[in-house]
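What follows is a set of notes on a single structure, which appears directly below.
The values are calculated or read from the model by the stated rules, or taken from the named source; none is laboratory data. Keep in mind it's a predicted model, so treat the numbers as computed, not measured. Here the Cβ is made from the backbone with ideal geometry for all residues, glycine too, and neighbour counts use every protein chain on show.
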Amino acid sequence: MEGLILVVLVAFLGGWFFGIAGLIRAGGARREAAALRAEVAGLRTELGSMAAALVAAGFRPPGPLWSPVAPPEAPAFDAPPAASAPAAPQGAPEDVPEPEPAEAAALPPWSRSAPARPQRNLEELITQRWGVWLGAGALLLAGVFLIRFAVEEGWLGPGARCALAGLLGIALIIGGEWLAKRSAATERASALPDYAPSALAAGGVAALFGATYAATALYGLLPPLVGFAGMAAAGALGMLLSLRRGPLVAVVGLVGAFVTPLLVETGGTSLPGLFAYLLVVVAAAMMVVRATAWGWLGWCATVAGALWVLLGTIMGEGLDQWAPALFVPAAAACFLFLLPREALSGTLGRRLTHLPPALLGAALLPLAIFETGIAPAAGLLLLSAVAILAGLRDPRLVRLPWIAAGLGLMLLLVWQVPAWTQTWEAVTIEGVTQAVIPGATVPAALTPYLTVAAILALMHLLAGLAFEGRALAWAGLGATVPVLALLAAYARVRGFATDPGWALAATVLAAVHVGAVARAMRAESLGRAGAHAAAATAALALGVAMVLRDQWLTLTVALFLPPLAMIALRTGLDALRRVAVAVATLVLGRLALNGFVLGYDWGETPVLNGLLLAYGVPAGCFWWAARIFLRQRDGIVVRLLECGSALFATLLVLLKIRHVFHPGALAEEAWAFAEAAWQCTALFACAAVALLLHRATGRVAMLWAARTAGVAGLIVGVILLATNPWATDRAVGAVPLLNALAPAYLLPALLAAWAVARAPEAQEPPGAAQLLAAYALVSAFAWVTLEVRRAFHPEHMGARWVGEAEMYAYSGAWLLLGAVMVAIGIRSGRKEIRLAALAVIALATFKVFLVDMDALVGLWRVLSFLGLGLALIALGAIYRRFVMTKPEPA
């Protein structure tokens, strides 16, 4: 067994070794084959050119096998042909490289062209790069673990630990420099870079960082200013060494700097010292980025800083929370203002530049969720200031203030608002307020929250008003953030309760934006004017929401849609279309998805009640706004508004029907048969109106509305068929024909049949027309049958015996229904209607022969068969006369 395992192991290792060797040799063979193919293609091109030249000169070789020379084939590679390159003068060396221009050395690193990378095989990568990197990491960890072991065993005191760590770093750096000088000649001869000096230098920089941090923040051996200077010096040394030794020094030094505080455990941690150290690390990394254009290094440093902020928010308590909060704007400023502008030249670079500040700010949000201090708010406010300055410095970062403002708004939503009570007291007599004992305008518990909200709104409002001449994005920033900040603060503090004080603040904000509109119009800037006009409209709508409730709030908000559409049409601002979507979604949610709507006080007047204003006016506003937006261009906004208008119109009709049956009490759960019948008819009628509008205007939204209303009507119709009055013993009214059976079955059947005849067949889903036609037939048949039943049992249609006259009446009514359908089918020329009529007549025939023959006696049986016979004979005659007649030949 052991021999078998040994054989398998040898075979595995041998196969692995030979596989690697074969891979290397195969790679070399592929390169040689590619070179040979390129050489053959070049020779073929040259021979083809020579042959073409001979043909042009009139040379014809003798022999019967002469054939014209084909044009030369294009070479099978992408390199330019050799003939296109200028010939080198005779006697000149072929492999002498051209001298680099003198000005190329003065160019910054990000503007220099990258040299051609030499080909490397797997063996070189393993021994010269990967192994060196792993060795450098192992040396660094060995030093850290050695110091840690010494600390645990009590061998060294704090001073000795820091001194040994510093000496280790210096030794590694000196060793790297010495090794670099020794390997310089070998590197020039072999054209292969040596990564060992870079690895030693990187480990030394990380050791110096750790030693300075430990001596300052952990053991207090150095004063804060001296420690700060030492960490700054270590960062400067790392920057200089990375300029000499390449990116490996920066990578290992950065990793070591960020990981060292985690590996060295102490009894206590000073968060201010920790984040001061991290800030120096980020600044040093960004200095390296500025000198070398290694943008990835700056992104890694700030993302690592964001992770430390997240960890610091968990560790910090009390005043220590200010350390990660202030680190966020400071680190973001280092990244944004030290990053070379050339890093923003590409699309990917611009997008990635927005990521580190966003991650730094997002790392502070958990602190605001679980703590009530003001530290995270201060950090995010300073981050907004940094983002505004960065956007002013470079227009390509104009989206950055929006990201910072979004983080500030999220802070207002997640901040723990403390419980508070009104400080004023009302004096009431018999429920009537007689006087108010004054108190503080703003409770002390809310002062920090409201102060932060006000600063956030004013900062972005002033920035937008001051710099809106540079770009439209600044105007949008000043128009959007204050309104959203006011909304967030109102929701968190008042919980959407009515408050005239907050409405006054919204009115003041609207007035400010109206003034900004006037200034923009004087400057002939329609875009700026549109942004501020939309903000003024939104602020007024918010103010109305602060003083109104129930249906009046939704009605007032819907009234702002046409003005938004007019502003968008005049200014061409696409952002207003998104604002309109938000407003429309709010109105739809409150009127269509709000179950409390039925409990509102609509009044008891049958037609002229609150429903007409609450649903009719929004339907008109949606349709009007859709027409205005359509004049600009079509799109999802226009279709949303059109569908919303159709939905509100349908809901208005349905709720009006419910109001007729339940005046002033729409929330009652009772659903009478007559109410359901009229609502079924109303749904099919709304579908028919939407279908007509689609045919007249070509709007696809009306087709969607027709389909939706039709499906809803079909569902209600099927329910009514299943719970018909015969099965449930319900009273439908004593008036013949004009009772609840007509809206429940007859009118929906007629509307469904009309929809089948008028609906565009090419746009309907497969099987939709057949389903509607089947429903129309069944519903019409149910109406005829139940109308006969009601004639004989007007009060109770349930379990009652069917008499002979009633049995005969069913046959006659079914034959009459079939005759009417035959007439309609002949008149319209539609074969499917005639086939449905024959099905009804066949049903009546089966009833006569299978039921009437046994159930009827005497004269009723005679009349039944007599009527059936006459009907069938008449049917045959009619078919021969109007259906089977062939046109006479011309």
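Points to keep in mind about this one:
Residue-wise test of (1) of a type in the set (A, V, I, L, M); (2) in contact with a Pro (Cβ under 8 Å, 6 or more places away or on another chain); (3) assigned to a helix (DSSP H, G or I).
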{"residue": "ALA497", "(1), (2), (3)": "yes, no, no"}
{"residue": "GLY501", "(1), (2), (3)": "no, no, yes"}
{"residue": "GLU524", "(1), (2), (3)": "no, no, no"}
{"residue": "LEU540", "(1), (2), (3)": "yes, no, yes"}
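- For region 628-653, the set of residues classified as within 27 Å of the chain's Cα centre (by Cα), within 13 Å of ALA565 (Cα to Cα) and either basic (Lys, Arg) or buried (at least 24 other Cβ atoms within 10 Å of the Cβ) (or both) consists of PHE629, ARG633, VAL637, LEU641, listed by residue number.
- Residue that is modelled with the lowest pLDDT, among those in region 567-584 that are assigned to a helix (DSSP H, G or I) and farther than 20 Å from GLY543 by Cβ: ALA575
- Qualifying residue in region 778-798 (condition: touching a Phe, Trp or Tyr at 6+ places or on another chain (Cβ under 7 Å) and polar (S, T, N, Q)): yes
- Residue identified as over 25 Å from ALA454 (Cα atoms) and free of Cβ contacts under 8 Å to residues at least 12 places away in the same chain among LEU344, LEU339, LEU352, LEU348: LEU348
- Per the conditions (1) surrounded by 21 or more Cβ atoms within 10 Å (Cβ to Cβ); (2) under 20 Å from TRP754 (Cβ atoms); (3) at pLDDT below 90, the sole criterion not satisfied by LEU703 is (1).
- Counted residues, region 327-352 - those being among the aromatic types (Phe, Trp, Tyr) and more than 29 Å from the chain's Cα centre (by Cα): 2
- Summed over region 344-396, residues that are buried (at least 20 other Cβ atoms within 10 Å of the Cβ), modelled with pLDDT under 90 and more than 23 Å from TRP322 (Cβ to Cβ) total 1.
- Among the residues here, THR554 does not qualify as among the polar types (S, T, N, Q) and in contact with a Phe, Trp or Tyr (Cβ under 7 Å, 6 or more places away or on another chain).
- The set of residues in region 258-270 that are within 37 Å of the chain's Cα centre (by Cα) and either at pLDDT 80 or above or buried (at least 20 other Cβ atoms within 10 Å of the Cβ) (or both) contains only PHE258.
- Qualifying positions in region 684-734 - part of a helix (DSSP H, G or I), among the polar types (S, T, N, Q) and more than 18 Å from LEU640 (Cβ to Cβ): THR728
- Residue pairs whose Cβ atoms lie under 6 Å apart, sitting 6 or more positions apart in sequence or on different chains, and linking a residue in region 713-729 that is under 19 Å from ALA768 (Cβ atoms) and free of Cβ contacts under 8 Å to residues at least 40 places away in the same chain to a partner that is of a type in the set (A, V, I, L, M, F, W, C) and crowded, with 21+ Cβ neighbours inside 10 Å, are GLY713/CYS680; GLY713/LEU683; GLY713/PHE684.
- Restricting attention to region 628-647, the residues that are of a type in the set (S, T, N, Q) and modelled with pLDDT of 90 or more total 1.
- In the set (1) under 22 Å from THR480 (Cα atoms); (2) touching a Leu at 6+ places or on another chain (Cβ under 8 Å), ARG350 fails one condition alone, (1).
- Here is the figure for region 220-243: residues that are modelled with pLDDT under 70, exposed (fewer than 15 other Cβ atoms within 10 Å of the Cβ) and of a type outside the set (A, V, I, L, M) total 1.
- When LEU274, LEU297 are checked against the criterion of being surrounded by fewer than 22 Cβ atoms within 10 Å (Cβ to Cβ) and assigned to a helix (DSSP H, G or I), a single residue qualifies: LEU297.
- Of the residues making up region 574-592, those that are under 18 Å from ILE628 (Cβ atoms) and of a type in the set (A, V, I, L, M, F, W, C) are ALA575, LEU576, VAL579, ALA580, VAL581, ALA582, VAL583, ALA584, VAL587.
- Candidate set from region 783-808 (those that are closer than 19 Å to LEU737 by Cβ and acidic (Asp, Glu)); member that is nearest to the chain's Cα centre (by Cα): GLU787
- Leading residue by the ranking (farthest from the chain's Cα centre (by Cα)) among those in region 353-407 that are assigned to a helix (DSSP H, G or I) and of a type in the set (D, E, K, R): ARG393
- Residues that are charged (D, E, K, R) and in a helix (DSSP H, G or I), drawn from region 626-643: ARG627, ARG631, ARG639, GLU642
Matching residues to (1) assigned to a helix (DSSP H, G or I); (2) aliphatic (A, V, I, L, M); (3) surrounded by 16 or more Cβ atoms within 10 Å (Cβ to Cβ):
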site: TYR449; (1), (2), (3): yes, no, yes
site: VAL452; (1), (2), (3): yes, yes, yes
site: LEU458; (1), (2), (3): yes, yes, no
site: GLY476; (1), (2), (3): yes, no, yes
site: VAL483; (1), (2), (3): yes, yes, yes
site: LEU486; (1), (2), (3): yes, yes, yes
site: TYR490; (1), (2), (3): yes, no, yes
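- TRP623 vs. criteria more than 17 Å from TRP754 (Cα to Cα), outside any helix (DSSP H, G or I) and aromatic (Phe, Trp, Tyr): no
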